[in-house]
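Engineer: Before anything else, here's the structure in question.
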Amino acid sequence: MDEFAEGTAPILAAEAVPLHALIVEDSENDALLLVNYLEKAGFRMDWQRVDTEPAFLHALDQPWDIVLSDYSMPRFSGGRALNILRQHDPDVPFIFVSGTIGEITAVEGMKAGAQDYVMKGNLMRLVPAVHRELEEAGSRRQRRAAEENLRQLSLVVEQATDSVFITDPQGNIQYVNPSFERLTGYSAAETIGHTPALIKSGWHDAAFYKRMWDTILAGNSFEGTFVNCRKDGSRFYEEKVITPLLDDERHISHFVSTGRDITDRVHVEEARAQLLAILEATTDFIAIMDSKGQLRYLNHAGRIMLGLGETESISDRNIADCQPEWAAQRLLFESFPLARRKGAWHGESAIRGKDGEEIPVSQVVVTHTGKDGELAFYSTIARDITERKQFEGELQRQATHDALTGLPNRVLLQEHLARELARSDRFHFLVAVLFLDVDNFKRINDSLGHAAGDALLCSVAERLRSYLRPSDLVARYGGDEFTIVMGEIGTVEDVSLIAHKLREAFSAPFSIPGQEVYVAFSTGISIYPHDGSDAESLLKNADAAMYKAKLIGRNQYQFYAPDMNARGQELLTLETSLRRALERNEFVLYYQPQQALADNEVIGFEALIRWQHPERGLIEPVEFIAMLEETGLIVPVGAWVLREACAHYKSCRDAGYKPIRISVNVSARQFVDLQLVKMVQDVLLQHNMLPEHLEIEITESTVMQDVQSAGEILAALDALGVRLAIDDFGTGYSSLAYLKRFPLDVLKIDQIFVQDLPHDANDSAIVEASISLGHKLGLEVIAEGVATAEQLAFLQMHGCDMIQGYYFGRPMSAKDMMRFIADGKPLLG
């Protein structure tokens, strides 16, 4: 208390100045004297005294205008208080008011941040110091606030995503922010001092830049889209604002440019424009619809499909209006719901064209959702697949129809038959399967040519179609085989009537280029459900019945009987064994003698093939010759017969026996084999056989299949010197004019005409006429199948030259033939 000088403090203001003061003082009295002094000087004091560090820290929780502190105190230090205050708030004035502080200490305190010091003994400087420091503290706060604002502004510019650069009035760059550096690729160091021409792309013309300068030099902001160039040469797009800054005298001091990179947006817009151009150029139907299917966009191709003009409004059209009824229903009840669940639907549909025609399309419907996940709109693309549908239809037809006749093939036959069986089960009617095979088609095809054969098959197909009901199906099964499926049959008798009707339908000839041809069928019939429970078994059983019909004769039909399956299995097993028989040497030759009636001498033997089956024993040719023909094995087997017969001839000759003639049958397939003549020649040379001792027998029907070719082959064989015989005379359709031209030696009367002699008048007349005809043509005549004395007497009476049959000698093995020749006895005494 004694330290403070006496005296009255000056009044510095008319009105009391509020002062919120924190007094660091250990003496309560000194603090009161100090407050009293200041109040007398015109301050309205709001104060607090502290004398410890914790109390000081606690007091700093509230704001203070000034801190007045003693320097040296028992429990606290003024220096420590200054240090704490400066860390807390650097702008609050701090004045030492002490009676013990020296000049040196005071100077150090001011260096540490104190604003002033006043000696307790002389307070005259206190009031001016307080006023001064309060004013300077306000200035410091304003300056610091301004600096903070500038710092924050700089931070905003530095951290802004927009590019910013500042130039002087001449356009020289003085500042660029980091976004500018990132956008352009130029660093601040590379940019400052240059003009913005550094990033000029050449995209804009001089008029653009003149308009910019005219605007900003007039003191106005310029806004525009700039296309500039990065350091790496790539272009970028900016929405830019260039603003002039004016000084106090309204002169331009700087230009500030702020730019927003819109490159991605421009590219998106360009891509959108390109996409729109593509959508408009594509030939696919493309539309955008709202959630209810109302059209919001339709491309050029879509307008063409629908017959709409380019400017015609689509706002009142629904996508369902663009499609036929069935397609619209599918769209509304299948496509849209499925697209909503899965995001997309695709399938085949149709667009209704401008003339109402249906245009088949492959369509995709896609859903598009908003940010809320709800449906926003649909889009659809529909591609015209008319050509593909036509192509698929043609492929389907090719897959299910015969290329030659246009009839359904086996595939469609199976499908149709399966459907008919299902209908039969439901409506309880019979289904008939007719398996037809053209009789003698091979002969027709070989004699008239393949083109004529194809034309005949087409005519047959057309006639079959014309005589059947629309609900019936006729298919080409393969080759010369046709299959008919007939549903809604009441009784089996109805099928018989249909078979008769078909037979009558083919009684009229077909006109084939060059001549008329008569066609007959062998027909097998199976009935559902009697003859099979499925399509496969019905077709198999009808096929078996057809083969049975062929055995009966031409132009016949047969219903299926169960035992035919057993026979079919037997034939299949037989065929398998037959294919191995030749390589296993299971074939053997038997020989039947031929005797001249003039002197009862044996003049030759006919070689007859037998099959020595390892399990079934000796099999007659009637059981396997047809199968040899069908499988093509007849050619190698026939060649074996010729070689084997000539080898047996050589054995007889080498044994010193009387020379004999060997007759060998040549099948139709062998006869047309180009190697036949050479093979005969080679065999003759191999066995040193006189040509006249070999007789080649050819059936009448074989030589008539191709008369010109047959004549050439017969002439070549005749040139070798072998004898030529027409076998089975009377059973074919030979023309006497052709027979006369052929170089023949022997005419053989078929046993079918001999077996009923002399009781059958027709057979008697045929045999008599055949003998007479043969002699008039200069041919020897031999009768086959002679089995009785009556038949022999008839043939002798009418001048037949030779006979062959069981009455004189059964077929015998090669060893028995040699013994027979060795005996040298005639068969007739």
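Engineer: Filter the stretch 685-706 for residues that are closer than 19 Å to ARG661 by Cβ, assigned to a strand (DSSP E or B) and either open to solvent by 30 Å² or more (accessible area, probe 1.4 Å) or not β-branched (Val, Ile, Thr) (or both) and give the result.
Structural biologist: Matches in the stretch 685-706: LEU694, GLU695, GLU697.
Engineer: Has the stretch 658-674 got any residue that is under 30 Å from LEU448 (Cβ atoms), surrounded by fewer than 20 Cβ atoms within 10 Å (Cβ to Cβ) and at pLDDT 90 or above?
Structural biologist: no
Engineer: Additional query: Scan the stretch 653-679 residue by residue and report those that are among the charged types (D, E, K, R) and in a loop (DSSP other than H, G, I, E, B).
Structural biologist: Matches in the stretch 653-679: LYS658, ASP673.
Engineer: Being touching an Asp or Glu at 6+ places or on another chain (Cβ under 7 Å) and surrounded by fewer than 19 Cβ atoms within 10 Å (Cβ to Cβ) is the filter here, so list the residues in the stretch 421-440 that pass it.
Structural biologist: Within the stretch 421-440, PHE429 is the sole residue that qualifies.
Engineer: Considering only strands (runs of 3 or more DSSP E) fully contained in the stretch 567-627, which possess at least 2 residues that are touching a residue at least 24 places away in the same chain (Cβ under 8 Å) and in contact with a Leu (Cβ under 9 Å, 6 or more places away or on another chain)?
Structural biologist: Filter on the stretch 567-627 gives 587-596, 602-613.
Engineer: Can you name every one of the helices (runs of 4 or more DSSP H) wholly within the stretch 283-369 that holds 1 or more residues which are closer than 15 Å to ASP384 by Cα?
Structural biologist: Filter on the stretch 283-369 gives 300-306, 325-330.
Engineer: Here's another thing I want to ask about it. So, in the stretch 771-802, exactly how many residues are free of Cβ contacts under 8 Å to residues at least 12 places away in the same chain and touching a helix residue (DSSP H, G or I) at 6+ places or on another chain (Cβ under 9 Å)?
Structural biologist: 0
Engineer: On to the next question. Quick one: is VAL767 assigned to a helix (DSSP H, G or I) and open to solvent by less than 10 Å² (accessible area, probe 1.4 Å)?
Structural biologist: In short, yes.
Engineer: To continue, here is another question. Could you count how many residues in the stretch 795-813 are of a type outside the set (S, T, N, Q), open to solvent by 20 Å² or more (accessible area, probe 1.4 Å) and at pLDDT 90 or above?
Structural biologist: 9
Engineer: Right, next: Can you pull out the strands (runs of 3 or more DSSP E) entirely within the stretch 446-548 that have at least 2 residues that are among the aliphatic types (A, V, I, L, M) and either under 23 Å from GLN398 (Cβ atoms) or open to solvent by 30 Å² or more (accessible area, probe 1.4 Å) (or both)?
Structural biologist: 473-478, 481-489
Engineer: Next question, about the same structure. Could you tell me which numbered condition PRO360 fails, if it satisfies all but one of (1) closer than 30 Å to PHE236 by Cα; (2) touching a Lys or Arg at 6+ places or on another chain (Cβ under 6 Å)?
Structural biologist: (1)
Engineer: Please count how many residues of the stretch 345-374 are modelled with pLDDT under 90, more than 23 Å from ALA281 (Cα to Cα) and surrounded by 16 or more Cβ atoms within 10 Å (Cβ to Cβ).
Structural biologist: 0
Engineer: Among the residues of the stretch 1-29 satisfying the criterion of being among the acidic types (Asp, Glu) and modelled with pLDDT under 90, which is nearest to LEU57 (Cα to Cα)?
Structural biologist: Within the stretch 1-29, the match that is nearest to LEU57 (Cα to Cα) is GLU3.
Engineer: Could you tell me whether the stretch 630-637 includes any residue that is under 20 Å from GLN804 (Cα atoms) and part of a helix (DSSP H, G or I)?
Structural biologist: no
Engineer: Restricting to the stretch 382-420, count the residues that are within 30 Å of LEU456 (Cβ to Cβ) and open to solvent by 90 Å² or more (accessible area, probe 1.4 Å).
Structural biologist: The qualifying residues number 5.
Engineer: Taking the residues in the stretch 639-666 that are of a type in the set (Gly, Ala, Ser) and in contact (Cβ under 8 Å) with a residue 40 or more places away in the chain as candidates, determine which candidate is farthest from LEU744 (Cα to Cα).
Structural biologist: Applying the filter and picking the extreme gives ALA655.
Engineer: Please specify each residue of the stretch 255-274 satisfying the condition of being of a type outside the set (S, T, N, Q) and either loosely packed, with under 10 Cβ neighbours inside 10 Å or in a strand (DSSP E or B) (or both).
Structural biologist: Correct list: PHE255, VAL256, GLY259, ARG260, ASP261.
Rundown of residues vs (1) closer than 20 Å to ASP261 by Cβ; (2) of a type outside the set (Phe, Trp, Tyr); (3) under 60 Å from the mean Cα position of the chain (by Cα), yes/no style:
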| position | (1), (2), (3) |
| --- | --- |
| ASP168 | no, yes, no |
| ILE192 | no, yes, no |
| ILE199 | yes, yes, yes |
| ASP205 | no, yes, yes |
| LEU217 | no, yes, no |
| CYS229 | yes, yes, yes |
| GLU239 | yes, yes, yes |
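Engineer: Check whether at least one residue in the stretch 304-318 is within 30 Å of ARG182 (Cβ to Cβ), small (Gly, Ala, Ser) and modelled with pLDDT under 90, and report yes or no.
Structural biologist: Within the stretch 304-318, not a single residue is within 30 Å of ARG182 (Cβ to Cβ), small (Gly, Ala, Ser) and modelled with pLDDT under 90.
The values are calculated or read from the model by the stated rules, or taken from the named source; none is laboratory data. Everything quoted here is computed from the prediction, not taken from an experiment. Cβ: placed from backbone, ideal geometry, glycine included. Neighbour counts: every protein chain shown. With ligands, DNA and RNA removed, areas are computed over all heavy atoms of the protein, side chains included. Shrake-Rupley method; radii C 1.70, N 1.55, O 1.52, S 1.80 Å.
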